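> Attaching a single structure in structure tokens format; questions to follow.
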Amino acid sequence: MNSPIRISSNIAAGFIGKAVTLVISLAFLPIYIDLLGIAAYGLIGFYTTLVVLLSVLDLGLSTTLNREMARLSTHPNSAREIRDTLRTYEIIYWLLGVILGIIVLLASQWLSQNWLTDVEISKEVIRQSVTLMGFVIALQWPIALYSGALLGLQRQVWLNVILSVSAAIKAVGAVILLTYVQQDILTFFRWQAASAAVTSLSLAYLAWKILPASVKGVRPRFKREILTTNWRFSAGMFGISIVVAVLTQLDKVILSRGLSLQEFGFYSIASTAGVGLNFLVGPIFTSLFPRFTQLASQGQEDSLRKLYHQACQLVSASVLPLSATVIFFSSDILYLWFKEPETAEKTHLLLSLIAFGTTFNSLANLPYALQLAFGWTKLSLYKNIIAVLVLTPLMKVFIFWWGAVGAAAAWILLNASYVFVEVPVMHTRLLRGSLKRWYLVDIGGPMITSLSLASISRWLLPQGLTLLGTALWIFLTFLCAFIASVLVMPATRAWLQIIFRNLGKTIGALLRQNVSKT
């Protein structure tokens, strides 16, 4: 179950699933704006912020379930305990979803009157939109729980199939309804609610279907002791979730109040694209966290150390070339994407800054996974509490001075602290002696390589290129940065050699077959 082949297939499935979801999200974004307007997209951006803020009330349960499923899957005769664990968390999670939906519904009047303002959209439409947001949140809330269960059981392939199909249905269905039924933001949110319900039920069916069979006739039960056994880890994750939600959404909360929905829409575009770079590290995190947990619980430190460095190098190869390309070519990418000079002009600097901050965030993901694998939540919790205390007044000052650009600059400072403060502290306790290798080999070499190549390429970009020529230049820049990054790291270089060796063997075998036939 935990073979390198299974891990590799999980990572591959995660990459494909995340790529499909992100491509759909980015490809349909200009269509949504064209059909609904930038102010309506500001409402969608507010909904995204609301979802992240409310996710703190997950109480750490989805991550705890992920960890418990991974741990229990290594124990023989644990079928009944696994089923009771899922049922216990499931009951709590559905109740939480309903409660949160009701809270948002009750708050819709106040939010439409006192928080969200715009000259293009009436307060009544805003109120109805927020009400529908409550329904969407309630119906999609269990998705995180069932995803956590499937990830812990290392069923990423099926999980990503369902999530990819769901993303496609959400996007295509929304465009069809907006084009042929009714072109307004309320239709968009109604379709999101229906799609969320189908996705939640599909994941629930899959999660229960793949669980090991228990004793015939014995039904899974809610067991309070399961919660009390894992309360420390769940409490730590809950605390981390609260401060992380504040840190990641503080800029949007402040800006959604201070900007019009149209201005907030431009910031939401930059945030969606910039933070979207994290999709590359998500599959690696979700695929390797269960394996980190198993190795940590079994005390196999040497194997864990080796896998940790390999995974960090894979993250660098995946994230740094693309983020460097986005940072230096943000204006060109936005123009290719929207074909609107105004959108590119108002958004490109924000995109570059947010992408830079997201790069640091991505690099810190695997060290965070290592902490969770050992059940150590205090470091991340304390670090984020300090960050909230420092960042909140700092961000208010930055936004007062520079507006949305100040918020993006604060995002860089926050995530840089993860790389340069949290990781050194972590390695004084976990995998001691690994910090120098992490800085110099795992992230340093590929970061310098990618940023250097992208900046030189941007400087050499010829003037007067067609849209196709510009797109080709940007793609070749990314490709060169990716190849160079892979070659400067031993783990990715070894994987590349294996790929070419196997490819050579395959081609050689095909040639020999053709020769023998002739």
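The values are calculated or read from the model by the stated rules, or taken from the named source; none is laboratory data. Keep in mind that what you see is a predicted model, and the values were worked out from it rather than measured. Heads up, the Cβs are rebuilt from the backbone with ideal geometry, glycines too, and the neighbour counts pull from every protein chain shown. Side chains are part of the model used for accessible areas, which takes the heavy atoms of the whole protein and leaves out ligands, DNA and RNA. Shrake-Rupley method; radii C 1.70, N 1.55, O 1.52, S 1.80 Å.
> Restricting the search to segment 431-440, which residues are part of a loop (DSSP other than H, G, I, E, B) and in contact with a His (Cβ under 7 Å, 6 or more places away or on another chain)? Please lay out each step first, then the result.
Keep residues of segment 431-440 that are part of a loop (DSSP other than H, G, I, E, B), which gives 431-434.
The answer is S434, and nothing else.
> Residues L295, L336, L304: which one is closer than 22 Å to P490 by Cβ, in contact with a Ser or Thr (Cβ under 7 Å, 6 or more places away or on another chain) and surrounded by fewer than 24 Cβ atoms within 10 Å (Cβ to Cβ)? Before you say what the answer is, go through the steps one by one.
Details: L336 fails: closer than 22 Å to P490 by Cβ; L304 fails: in contact with a Ser or Thr (Cβ under 7 Å, 6 or more places away or on another chain).
Within the list L295, L336, L304, the selection yields L295.
> Next question. For the list (1) out of contact with any Asp or Glu (no Cβ under 8 Å at 6 or more places or on another chain); (2) in a helix (DSSP H, G or I); (3) at pLDDT below 75, I need the number of the one condition that I269 fails.
All conditions are met except number (3).
> For segment 459-482, which positions are touching a helix residue (DSSP H, G or I) at 6+ places or on another chain (Cβ under 7 Å) and surrounded by fewer than 19 Cβ atoms within 10 Å (Cβ to Cβ)?
Of the residues in segment 459-482, the ones touching a helix residue (DSSP H, G or I) at 6+ places or on another chain (Cβ under 7 Å) are 461, 465, 467, 470-471, 474, 477-478, 480-482.
L461, L465, L467, T470, A471, C480, listed by residue number.
> Here's something else I'd like to know. Test G14 against the criterion of being modelled with pLDDT under 75 and open to solvent by less than 50 Å² (accessible area, probe 1.4 Å), and give yes or no. Give the steps one after another, and end with the answer.
Working: modelled with pLDDT under 75: yes; open to solvent by less than 50 Å² (accessible area, probe 1.4 Å): yes.
When the stated conditions are applied, G14 passes them.
> Can you work out which of the residues in segment 155-211 that are touching a residue at least 24 places away in the same chain (Cβ under 8 Å), open to solvent by 50 Å² or more (accessible area, probe 1.4 Å) and part of a loop (DSSP other than H, G, I, E, B) is farthest from I126 (Cα to Cα)?
Per the criteria, the residue is R155.
> Residue by residue through segment 82-109, note down the ones that are aromatic (F, W, Y) and either buried (at least 19 other Cβ atoms within 10 Å of the Cβ) or touching a residue at least 60 places away in the same chain (Cβ under 8 Å) (or both).
Answer for segment 82-109, where residues must be aromatic (F, W, Y) and either buried (at least 19 other Cβ atoms within 10 Å of the Cβ) or touching a residue at least 60 places away in the same chain (Cβ under 8 Å) (or both): Y89, Y93.
> Still on this model: Assuming F338 fulfils every condition listed in (1) modelled with pLDDT of 90 or more; (2) among the aromatic types (F, W, Y); (3) in contact with a Pro (Cβ under 7 Å, 6 or more places away or on another chain) apart from one, which condition is it?
All conditions are met except number (1).
> Could you figure out which of (1) at pLDDT below 80; (2) under 18 Å from L351 (Cβ atoms); (3) not basic (K, R) isn't true of S260?
(2)
> All but one of (1) outside any helix (DSSP H, G or I); (2) open to solvent by less than 20 Å² (accessible area, probe 1.4 Å); (3) not hydrophobic (A, V, I, L, M, F, W, C) hold for E120; state the number of the condition that does not hold.
So the condition that E120 fails would be (2).
> Just need a number here: residues in segment 346-382 that are part of a helix (DSSP H, G or I) and open to solvent by 30 Å² or more (accessible area, probe 1.4 Å). Write out each step before concluding.
Applying the first criterion (part of a helix (DSSP H, G or I)) to segment 346-382 yields 346-363, 365-373, 378-382.
With open to solvent by 30 Å² or more (accessible area, probe 1.4 Å) added as a condition, the list becomes 346, 348-349, 353, 356, 365, 368, 378, 381-382.
Residues meeting the conditions: 10.
> Another question, if that's okay. Among the listed residues L22, L35, identify the single one that is assigned to a helix (DSSP H, G or I), surrounded by 19 or more Cβ atoms within 10 Å (Cβ to Cβ) and at pLDDT 80 or above. Lay out the reasoning, then the answer.
Numbers: L22 fails: at pLDDT 80 or above.
Only one candidate passes the filter, namely L35.
> Consider S112 against the criteria (1) open to solvent by less than 20 Å² (accessible area, probe 1.4 Å); (2) in a loop (DSSP other than H, G, I, E, B): it satisfies all of them except one. Which criterion is unmet?
It is condition (2) that S112 fails.
> Also, quick follow-up: Given the condition more than 21 Å from the chain's Cα centre (by Cα) and closer than 28 Å to T286 by Cβ, answer yes or no: does some residue in segment 149-172 qualify?
Pass one, segment 149-172, residues more than 21 Å from the chain's Cα centre (by Cα): 172.
Now restrict to residues that are closer than 28 Å to T286 by Cβ: 172.
Yes.
> Does V486 fit the bill of being modelled with pLDDT under 95 and surrounded by 19 or more Cβ atoms within 10 Å (Cβ to Cβ)? Spell out how you get there, then give the answer.
Working: modelled with pLDDT under 95: yes; surrounded by 19 or more Cβ atoms within 10 Å (Cβ to Cβ): yes.
It is true that V486 is modelled with pLDDT under 95 and surrounded by 19 or more Cβ atoms within 10 Å (Cβ to Cβ).
> Related question: Which residue out of I102, I143, I126 is within 30 Å of I284 (Cα to Cα) and at pLDDT 80 or above? Step through it out loud before you land on a result.
Numbers: I102 fails: within 30 Å of I284 (Cα to Cα); I126 fails: within 30 Å of I284 (Cα to Cα).
Every option except I143 fails the conditions.
> From the list I456, I386, I443, I412, which residue is in a helix (DSSP H, G or I), surrounded by fewer than 17 Cβ atoms within 10 Å (Cβ to Cβ) and under 25 Å from the mean Cα position of the chain (by Cα)? Let's see the steps before the verdict.
Numbers: I456 fails: under 25 Å from the mean Cα position of the chain (by Cα); I443 fails: surrounded by fewer than 17 Cβ atoms within 10 Å (Cβ to Cβ); I412 fails: surrounded by fewer than 17 Cβ atoms within 10 Å (Cβ to Cβ).
Unique residue meeting the criteria: I386.
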